[in-house]
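Asker: I have a structure I would like to understand better, so I am pasting it below and will then ask my questions one at a time.
The values are calculated or read from the model by the stated rules, or taken from the named source; none is laboratory data. Since this is a predicted model, take the numbers as computed values, not measurements. Glycine also receives a Cβ, built like all others from the backbone with ideal geometry; neighbour counts cover every protein chain displayed. Ligands, DNA and RNA are stripped out before the accessible areas are found, and what is left, the full protein with its side chains, is counted by its heavy atoms. Shrake-Rupley method; radii C 1.70, N 1.55, O 1.52, S 1.80 Å.
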Amino acid sequence: MEFLDYPVLKFIWWLLLGVLLIGFAIMDGQDMGVGALLPFVGRNDNERRVIINTVGPHWDGNQVWFITGGGAIFAAWPYAYATAFSGFYWAMMAVLWALFFRPVGFDYRSKINNPLWRSSWDWLLFVGSFVPPLIFGVAFGNLLLGVPFHFDDDLRSFYTGSFWGLLNPFSLLCGVVSAAMIIFHGAIYLALRTEDVVKKRALQASTIALIVVVVTFSLAGLWINLGIKGYSMVAGSYLPAAAPDPLHKQVVTATGAWMQNYQQYPLLLVIPVLAYLGFILAWLLAKNGKAFAAFWSSALGLAGVIATAGVAMFPFIMPSNTDLRSSLTVWDASSSEFTLKVMLVAAVIFVPIVLFYTSWCYRVMRGKVTSEHIRRNDHSAY
């Protein structure tokens, strides 16, 4: 691994963390999208049980992507982990409290045959599925705007913002983009796993979600290009191979600076184009009965949206709007070279295992979930 010098390792882990984030959006995103649609696509108890059981065998396994992503950020970018999880503390707590409703909701919802009991859990499952992607989008919007934090000379981070300060117009728009694309993905998954009236309503929901995604993603792009000050490092003020030290660089801001990477490498414009094509093609395929291809096209759309933002920000991870030089980048916020190498070996071994096992599970439990299936397995189904 001599060819993997320190700067290359830093870049590889930027790519790998992007892959983990995209994997989380695709795999756990389908579960959250389905949960967010539950009270609206399912009009009676049997239909809602059909919807829940499309993700029932997989939702807990898909949480691996969320846990692994958080652990990878902790190990690869410790400065970013410490600053983000302290600065976004209440937002992260809101995510965790919302996620608490999912395991208990899935397990307890059908234990008691009482309409009020089941309806209450249905709405709690909606909260647990809708709130996390919304807050994740809001958090990412704040990263693009810059976060109010700084480091002192001992590299202790201090967050000077508030929870309510996170809820600004641009970040809320990003939250809508995030929630809408997850709901669209969930609707396409329902079209793949259900039939008859549930499938019909899922396709109707996908049309609404597609319009919201395309409109809000476009508005966010225009806002970033024309109205938001992006961040860039002054040439020669940083060394990719240097030891982690966020304070040894010069950072400037300018309107449209987040478009620099696209201007310097025009081929990268393919990424946002793939986001549009992925979602639109997924909708067309689903409407024409090709739900399996539609699901992976939707996954391409999710990857396009996430990669669009990631490429725009590179090499920044967490910019500071109160002390520009404290802004965290891939080059100065990463762990040591030894840590990144050990993590890379672990990733090369275990990520393929996770992918193989997940694929096997989906293959074994493939097929449509029907009302008849729920009636035959009334005591074992969710």
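Asker: Summarise the accessible area of the chain (1.4 Å probe, protein heavy atoms) by the percent that is carbon and sulfur.
Answerer: On the way: 12530 of 17880 Å².
Reported share for carbon and sulfur atoms: 70 percent.
Asker: Dividing the alpha-carbon Rg of region 105-242 by 2.2 N^0.38 Å yields what? Can you show the working numbers first?
Answerer: Working: Rg = 20.7 Å, N = 138, 2.2 N^0.38 = 14.3 Å.
Here the Cα radius of gyration is 1.45 times the empirical estimate.
Asker: Another question, then. Kindly report the accessible area of the chain per residue (heavy atoms of protein chains, probe 1.4 Å, no ligands, DNA or RNA), in Å².
Answerer: Numbers: 17880 Å² over 382 residues.
Result: 47 Å² of accessible area for each residue.
Asker: Using a 1.4 Å probe and counting only protein heavy atoms, arrange LYS368, LYS111 so the residue with the most accessible area comes first. It would help to have the intermediate numbers written out before the result.
Answerer: Working: LYS368 95, LYS111 145 Å².
So, going from the largest accessible area down, we get LYS111, LYS368.
Asker: Within the chain, which whole H helices from DSSP have a Cα span along their axis of at least 18 Å and a mean Kyte-Doolittle hydropathy of 0.0 or more, if any?
Answerer: 6-41, 59-76, 89-108, 115-145, 169-193, 196-226, 270-287, 291-313, 337-364
Asker: Now for a separate question. With runs of 4+ DSSP H residues as the only contributors, calculate the mean residue ellipticity of the chain at 222 nm using -39,500 (n - 2.57) per run, divided by the residue total and rounded to the nearest 500.
Answerer: -23500 deg cm²/dmol
Asker: Distance between Cα centroids, region 184-235 to region 156-176: provide it in whole Å.
Answerer: 21
Asker: Can you count the Lys pairs in the chain whose Cα atoms are under 13 Å apart, with each pair 8 or more apart or on different chains? Can you show the working numbers first?
Answerer: Working: LYS10/LYS341; LYS199/LYS287; LYS199/LYS290; LYS199/LYS368; LYS200/LYS287.
Qualifying lysine pairs in the chain: 5.
Asker: Using modelled amide H (1.01 Å from N, peptide plane; none on Pro or chain starts), what sits under 5 Å from the amide H of VAL147, excluding residues fewer than 5 places away?
Answerer: SER320, ASN321
Asker: Something else: Which whole-percent values make up P(r) of region 208-322 when all C-alpha to C-alpha distances are grouped in 5 Å steps starting at zero?
Answerer: 2, 11, 17, 19, 15, 12, 9, 7, 4, 2, 1, 0
Asker: Computed from the coordinates I sent, Cα Rg over 2.2 N^0.38 Å equals one of [x] 0.91; [y] 2.01; [z] 1.02. Tell me the label.
Answerer: Computing Cα Rg over 2.2 N^0.38 Å and matching it to [x] 0.91; [y] 2.01; [z] 1.02 gives [z].
Asker: Can you find, among GLY367, VAL95, PHE151, the residue farthest towards the positive end of the dipole of the chain? Put +1 on the C-beta of Lys and Arg, -1 on that of Asp and Glu.
Answerer: Result: GLY367.
Asker: Right, another one. Any chance you could run the full-extension gain for ASN46 through LEU219? It's 0.36 nm times the residue separation minus the Cα-Cα distance, nm to one decimal. Numbers along the way, then the final one.
Answerer: Working: separation 173, 0.36 × 173 = 62.28 nm, distance 3.90 nm.
Value of the extension gain: 58.4 nm.
Asker: What do you get for trypsin sites (Lys or Arg not before Pro) in region 278-335 restricted to DSSP loop and a cutoff of at most 16 other Cβ within 10 Å of the site's Cβ? Intermediate values should be presented prior to the final figure.
Answerer: Values: sites: LYS287, LYS290, ARG325; in loops: LYS290.
For trypsin sites (Lys or Arg not before Pro) across region 278-335 that sit outside H, G, I, E and B with at most 16 neighbouring Cβ atoms in 10 Å, the list reads LYS290.
Asker: Pick from ASN114, ASN53, ASN62: which is most flexible by mean-square fluctuation in a GNM of the chain where alpha carbon atoms under 10 Å apart are linked?
Answerer: ASN114
Asker: Next question, about the same structure. State to the nearest 20 debye the size of the charge dipole of region 49-175 about its Cα centre, where the only charges are +1 on K and R beta carbons and -1 on D and E beta carbons.
Answerer: 600
Asker: Also: Of ARG363, ARG193, ARG43, which has the largest mean-square fluctuation in a 10 Å C-alpha GNM of the chain?
Answerer: ARG363
Asker: Right, something else. If I build a Gaussian network model for the chain, linking alpha-carbon pairs within less than 10 angstrom, which residue out of ILE349, ILE224, ILE73 has the largest mean-square fluctuation?
Answerer: Among ILE349, ILE224, ILE73, the largest mean-square fluctuation in the Gaussian network model of the chain belongs to ILE349.
Asker: Let me ask something additional. Using R₀ = 30 Å, calculate the FRET efficiency as 1/(1 + (r/R₀)^6) where r is the Cβ-Cβ separation of VAL252 and PHE158; round to 0.05. Kindly include the intermediate steps, with their values, before the conclusion.
Answerer: Values: r = 22 Å, r/R0 = 0.74.
It comes to 0.85.
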